[in-house]
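J.: The following block contains the structure, expressed as structure tokens.
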Amino acid sequence: MQRNDVWAYDFLFDQRLKCLTVIDEWTRECLAIEVAGSLRSQQVIATLERLFVQHGTPKYLRSDNGPEFVSQAVRRWLAPRAVAPSFIEPGKPWQNGTNESFNGKFRDECLNLEWFRSRAEAKVVIESWRRHFNEVRPHSSLGYRTPNEHKQSRH
């Protein structure tokens, strides 16, 4: 496995926020956390489009069978980009373990510790946490390196 083989994405809900998290499974890098009151398939596509330009195109996108991920709009958008959706079986979140683990850390280390007065404040705090996760926080699964260090050591 290598960088951009599989990205995992999922939603996490907190307070009045809906967060779309996107993780590279090999580097464990959090590529994005989109924060909104609601996120539909067009916003998912816009996020993926931005990430494809920034990081390259993954071979697979792993997700559950949520309506935003299985929508015809997302499938039509992915097809010409040669990105295959990889859906987990319903009721088996462990099949998306990298993203589920990330979402647990995100909830424990950020969302449970903050009370956001506005969505704008949430976006700033969450982006700061995402950068810390990638650049400062060591990960046991990466030999106690950060995702950025792990990514740099392989490429």
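The values are calculated or read from the model by the stated rules, or taken from the named source; none is laboratory data. Values in this document were obtained by computation on a predicted structure and should not be read as measured data. Using ideal geometry, Cβ is built from the backbone for each residue, glycine included, and neighbour counts are taken over all protein chains shown. Please note that ligands, DNA and RNA were not included when accessible areas were found on the heavy atoms of the full protein model with its side chains. Shrake-Rupley method; radii C 1.70, N 1.55, O 1.52, S 1.80 Å.
J.: For Ala82, all conditions in the list (1) loosely packed, with under 11 Cβ neighbours inside 10 Å; (2) closer than 20 Å to Glu29 by Cα hold save one; what is the number of the exception?
T.: Only one criterion in (1) loosely packed, with under 11 Cβ neighbours inside 10 Å; (2) closer than 20 Å to Glu29 by Cα is unmet by Ala82, namely (2).
J.: Considering only residues of segment 27-61 that are touching an Asp or Glu at 6+ places or on another chain (Cβ under 7 Å) and at pLDDT below 90, which is most open to solvent (accessible area, probe 1.4 Å)?
T.: Arg40
J.: Could you list, in sequence order, all residues of segment 111-136 that are without any contact (Cβ under 8 Å) to a residue 24 or more places away in the chain, under 19 Å from Ala32 (Cβ atoms) and either among the charged types (D, E, K, R) or in contact with a His (Cβ under 9 Å, 6 or more places away or on another chain) (or both)?
T.: Across segment 111-136, the qualifying residues are Glu114, Glu121, Arg131, Glu135.
J.: Could you list, in sequence order, all residues of segment 109-120 that are over 18 Å from the mean Cα position of the chain (by Cα), surrounded by 13 or more Cβ atoms within 10 Å (Cβ to Cβ) and in a helix (DSSP H, G or I)?
T.: Arg119
J.: Against the condition at negative phi and open to solvent by 30 Å² or more (accessible area, probe 1.4 Å), how does Asn65 come out, does it pass?
T.: Yes: the conditions hold for Asn65.
J.: Give me the pairs: first residue in segment 7-21 and in contact (Cβ under 8 Å) with a residue 60 or more places away in the chain, second residue in a strand (DSSP E or B) and of a type in the set (D, E, K, R), beta-carbon distance under 8 Å, and six or more apart or on different chains, which are they?
T.: Note: pairs meeting the criteria are Ala8/Arg62; Tyr9/Arg62; Leu12/Lys18; Cys19/Glu34; Thr21/Asp10.
J.: For segment 1-75, which fully contained strands (runs of 3 or more DSSP E) count at least 2 residues that are in contact with a Pro (Cβ under 8 Å, 6 or more places away or on another chain) and within 20 Å of Gln95 (Cα to Cα)?
T.: Hits in segment 1-75: 6-14, 60-63.
J.: When the residues of segment 86-104 are filtered to those that are surrounded by 15 or more Cβ atoms within 10 Å (Cβ to Cβ) and under 24 Å from Val35 (Cβ atoms), which remaining residue is nearest to the chain's Cα centre (by Cα)?
T.: Among residues in segment 86-104 that are surrounded by 15 or more Cβ atoms within 10 Å (Cβ to Cβ) and under 24 Å from Val35 (Cβ atoms), the one nearest to the chain's Cα centre (by Cα) is Asn99.
J.: Determine whether segment 131-145 contains at least one residue that is open to solvent by 70 Å² or more (accessible area, probe 1.4 Å), of a type in the set (A, V, I, L, M) and at pLDDT 85 or above.
T.: yes
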